[in-house]
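A short worksheet on the structure shown next.
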Amino acid sequence: SFPAELLLCCIAIFAGLLFTRFWLISALYAAWWAFDWETPSKGGRRIQCIRNWPGWRYMRDYFPVKLVKTADLDPGKNYIFGFHPHGVLVAGAFLNFCTEATGFSKIFPGLTPHMMLLNLWFRVPFFRDYVMSGGLVPSDKESASSVLRKPEGGNVLVIAVGGAQEALDARPGAFTLLLANRKGFVRLAIQHGAPLVPVFSFGENEVFDQVENPKGSWLRWTQERLQKIMGISLPLFHARGIFQYSIGLIPYRRPIHTVVGKPIQVQKKHNPSNEEVDKLHQTYIEELCKLFEEHKLKYGVPEDKHLSFI
């Protein structure tokens, strides 16, 4: 997720330039945009200097954010990382997989991460180039296959499995994941023979509060309606201000530890049965729970807290 203000700013700049003496900038960009239309679905166009921008390290240190490896991964294979929980703005996922702030390339040498993002954001002028520079790709089957089909391996497709819908339940102390019926990423893994790697980001739900939106409320109904129509859910979040701690949109300073689990080996099959998908899905849930239970006390989660799935 990204702040709506940034998206609106990109659109306003593109449209506004058309009515100034600099109209040629938008006209040339429109021509480039048409020529470059398919690039996002073909793996995107990462720019290493942007991934290495020093500003990301200041953002990392603000929380702080840390990437934790529990097993070595073979750079000769392609992987699917299932990221949980989504949180409000997937801050941990962005810093760990879309920048080099936490040292992904050093921790997992030979692997290149590609995080999936709603297709909508790749239709915003200028902004599409920005998100591609970090290695993001659209969340559709064509883009996923482009990353996973490369025979030389070394690619990681990162999927925030709960998506925008799960963001509506992201608040401190929440450990409910939208996963029980999310099986598309499992089928994708089987079709490409890509090992599944569960990832749990401790602290992801702690950095923002959210306006109460219980099931059945008018606010939740509106958010879910928007999510179905546009793909975005627009959680009403808040945290602290710049100079005070009472209210604002600056995230709380809460540590985020993103723990990458052990790979689940997958047998490739072009057209897996529902039973095969269900079996692997259950194995994935068991491994995710195991990862959570093994590390929760280390990262401040009470012993009586467990993952639940809807």
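The values are calculated or read from the model by the stated rules, or taken from the named source; none is laboratory data. Computed from a predicted model, the values in this text were never measured in an experiment. All Cβ positions, even for glycine, are placed from backbone atoms using ideal geometry, and neighbour counts span all protein chains on display. Accessible surface areas use protein heavy atoms only, side chains included; no ligands, DNA or RNA. Shrake-Rupley method; radii C 1.70, N 1.55, O 1.52, S 1.80 Å.
By the Kirkwood approach, averaging reciprocal distances over each pair of separate Cα atoms, segment 193-232 gets a hydrodynamic radius of 13.2 Å. When Trp53, Trp218 are compared by accessible surface with a 1.4 Å probe, the order from highest to lowest is Trp218, Trp53.
Write down Rg/Rh for segment 208-279, rounded to two decimals, with Rg from the C-alpha atoms and Rh from the Kirkwood relation over Cα pairs. Intermediate results must be reported in sequence, preceding the final value.
Details: Rg = 19.8 Å, Rh = 16.7 Å.
That ratio equals 1.19.
A straight Cα-to-Cα reach below 18 Å connects Lys279 with the aspartates and glutamates Glu287, residues fewer than 8 places away in its own chain not being considered. Accessible area ranking (1.4 Å probe, heavy atoms, ligands and nucleic acids excluded), largest first, for Phe14, Phe126: Phe126, Phe14.
Ligands, DNA and RNA aside, Ile247 has an accessible area near 100 Å² when probed at 1.4 Å.
Please work out whether segment 10-56 counts as rounded, prolate or oblate from its C-alpha gyration tensor, where a ≥ b ≥ c are the square roots of the eigenvalues and a/c under 1.5 means rounded, while otherwise a/b larger than b/c means prolate and anything else oblate? It would help to have the intermediate numbers written out before the result.
Working: a/c = 3.07, a/b = 1.47, b/c = 2.10.
Because a/c hits 1.5 or more and a/b fails to exceed b/c, segment 10-56 counts as oblate.
Only helical DSSP H runs with n ≥ 4 go in: add -39500 (n - 2.57) per run for the chain, normalise by residue count and round the 222 nm mean residue ellipticity to 500 deg cm²/dmol. It would help to have the intermediate numbers written out before the result.
Details: 12 runs with 115 residues, N = 310.
Dividing the helical sum by the residues of the chain leaves -10500 deg cm²/dmol.
At full extension, Lys268 and Thr283 could sit 3.8 nm farther apart than now, given 0.36 nm per residue minus the alpha carbon distance.
When only Cα pairs below 8 angstrom with a gap of at least 6 residues are kept, segment 157-310 shows a relative contact order of 34 percent. When Cys49, Cys289, Cys98, Cys9 are compared by accessible area of protein heavy atoms, the largest-first order is Cys49, Cys9, Cys289, Cys98, using a 1.4 Å probe.
Past 25 Å, Cα to Cα: identify those pairs from Lys141/Lys183; Lys77/Lys262; Lys262/Lys296; Lys77/Lys183; Lys183/Lys298; Lys268/Lys305, in the order given. All intermediate terms of the calculation are to be shown ahead of the outcome.
Values: Lys141/Lys183 13 Å; Lys77/Lys262 14 Å; Lys262/Lys296 16 Å; Lys77/Lys183 21 Å; Lys183/Lys298 30 Å; Lys268/Lys305 35 Å.
Pairs exceeding 25 Å: Lys183/Lys298; Lys268/Lys305.
Three semi-axes describe the equivalent ellipsoid of segment 56-141; taken as square roots of 5 times the Cα gyration tensor eigenvalues and ordered largest first, they are 21, 17, 12 Å. The Stokes-Einstein estimate for segment 172-301, based on a Kirkwood radius over Cα pairs and taken at 10 °C with 1.306 mPa s viscosity, is a diffusion coefficient of 91 µm²/s. Here the gap between Arg21 and Ser145, fully extended at 0.36 nm per residue and compared with their Cα-Cα distance, gives a gain of 40.4 nm. Under the rule a/c < 1.5 gives rounded, and otherwise a/b versus b/c splits prolate from oblate, where does segment 76-199 land using the Cα gyration tensor? Note, shape of segment 76-199 comes out rounded. Between the residues Phe22, Tyr62, Phe200, the greatest Cα displacement towards the positive end of the dipole of the chain, with unit charges on the Cβ of Lys, Arg, Asp and Glu, is found for Phe22.
Based on C-alpha pairs under 8 angstrom that are at least 6 apart in sequence, segment 109-172 has a relative contact order of 42 percent. The distance linking segment 124-144 with segment 237-310 is 24 Å (Cα centroid to Cα centroid, whole angstrom). Summarising the label geometry, the points placed 7 Å from Cα in the beta-carbon direction at Phe243 and Asp36 lie 4.0 nm from one another.
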